[in-house]
1. Looking at the range 52-93, which of its residues are out of contact with any helix residue (DSSP H, G or I) (no Cβ under 8 Å at 6 or more places or on another chain), among the hydrophobic types (A, V, I, L, M, F, W, C) and within 20 Å of Glu117 (Cα to Cα)?
2. So which residues in the range 270-296 are closer than 20 Å to Tyr33 by Cβ, out of contact with any Asp or Glu (no Cβ under 9 Å at 6 or more places or on another chain) and part of a loop (DSSP other than H, G, I, E, B)?
3. In the set Phe185, Phe247, Phe252, Phe238, which member is under 24 Å from Val74 (Cα atoms) and under 22 Å from the mean Cα position of the chain (by Cα)?
4. Can you tell me which residue is nearest to Ala227 (Cα to Cα) among those in the range 179-210 that are touching a residue at least 24 places away in the same chain (Cβ under 8 Å) and of a type in the set (Lys, Arg)?
5. For Asp192, only one of the following conditions fails: (1) charged (D, E, K, R); (2) surrounded by fewer than 22 Cβ atoms within 10 Å (Cβ to Cβ); (3) closer than 30 Å to Pro242 by Cβ. What is its number?
6. For Ala236, which of the numbered conditions (1) of a type outside the set (Lys, Arg); (2) more than 17 Å from Ala11 (Cα to Cα); (3) touching a helix residue (DSSP H, G or I) at 6+ places or on another chain (Cβ under 8 Å); (4) not in a helix (DSSP H, G or I) fails to hold?
7. Counting residues that are hydroxyl-bearing (Ser, Thr, Tyr) and touching a helix residue (DSSP H, G or I) at 6+ places or on another chain (Cβ under 8 Å), which helices (runs of 4 or more DSSP H) fully inside the range 145-220 reach at least 3?
8. Can you name every one of the strands (runs of 3 or more DSSP E) wholly within the range 1-90 that holds 3 or more residues which are among the small types (Gly, Ala, Ser) and either surrounded by fewer than 18 Cβ atoms within 10 Å (Cβ to Cβ) or modelled with pLDDT of 95 or more (or both)?
Amino acid sequence: MAFIPKGIIPAMVTPLTKDGKVNEKALRKFADYLIEGGSHGLFVVGTTGEFYGLSPEEKKELFEITVDQARGRVPVYAGTGAITTREVILLTRYAEEAKVDAVSVLTPMFISPSQKELIEHYTAIAASTRLPVLLYNNPPKTGVNLAAATVAKLAEVQNIVGVKDSSGDFTLTGEYIRLTRGKDFHVLLGRDTLIHAGLCYGGRGSIAACANVAPRLVADIYDKYAAGDIKGSLDAQFKLAPLRIAFNLGTFPAVIKESLELLGIDAGACMAPVGPMSAEEKQQLRKILTDMGLLK
């Protein structure tokens, strides 16, 4: 396909009102903040976006609002992952109706499908849509891993155009890249500490949670690398690292939403049972953001 997933694509948080509804006004403002910060795309309803707590109707609403606010300035990627193939196909149809540019499909979770079943799952999803499809591997969260040989096989499907790898296993990421060379297939990093390494190895960029908080800094990793400023790219990667490492200060994605609140960006609370960070944790986070130059 002509579509090439590349650059830095923030895995957007879902701004919520105090009663837990989608905060459309905050979402629109946030989308502008990310685009103006140099992001190369927007990824809505992903892991960072608390997809697991949203109804199909809410997901459709988020797809539509994000596409409308992006106004063609950057591509919009929609997360349509679910446990069953039929639910993924339904959500992918909603995404297509909303006119997103591509979908990202997380592996099933809770169940433990074989690699053969994963190939059948993704092949059926790709056949159901005209949209470009990105595989999404996140075994720390799902307990399901896309083997390198499985990804190489799925790369032969015409509209499966890439994979987001959040495994944190760079040997696996490297095998995704090595085994799909020469194919119309592109590998994106999902572990924010490995973006520069991925680019050096032949990756196309990252779908990055940290880009919610520091879009310009994360975009610099890609933009400087693409401009030939390898040292500048690496410097940006090192500067970003403390924020990603700080994710363990709270239950995911509390650190990202709390960071946004500290920056004056309305993200709302996380969905229960994820609660707020403690006062001590917030103080540690404030220091990290200050040391990074994100807070004064």
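1. Hit for the range 52-93 is Ile83, nothing else.
2. Met292, Gly293, Leu294, Leu295, Lys296 - these are the residues of the range 270-296 that are closer than 20 Å to Tyr33 by Cβ, out of contact with any Asp or Glu (no Cβ under 9 Å at 6 or more places or on another chain) and part of a loop (DSSP other than H, G, I, E, B).
3. After applying the criteria, what remains is Phe185.
4. Arg204
5. Evaluating Asp192 over (1) charged (D, E, K, R); (2) surrounded by fewer than 22 Cβ atoms within 10 Å (Cβ to Cβ); (3) closer than 30 Å to Pro242 by Cβ leaves (2) as the failure.
6. Of the numbered conditions (1) of a type outside the set (Lys, Arg); (2) more than 17 Å from Ala11 (Cα to Cα); (3) touching a helix residue (DSSP H, G or I) at 6+ places or on another chain (Cβ under 8 Å); (4) not in a helix (DSSP H, G or I), the odd one out for Ala236 is (4).
7. Fully inside the range 145-220 and qualifying: nothing.
8. Counting at least 3 such residues, we get no strands (runs of 3 or more DSSP E) at all.
The values are calculated or read from the model by the stated rules, or taken from the named source; none is laboratory data. None of the values given here were measured: they were computed from a predicted structure. So basically every Cβ, Gly included, is an ideal-geometry build from the backbone, and we count neighbours across all protein chains shown.
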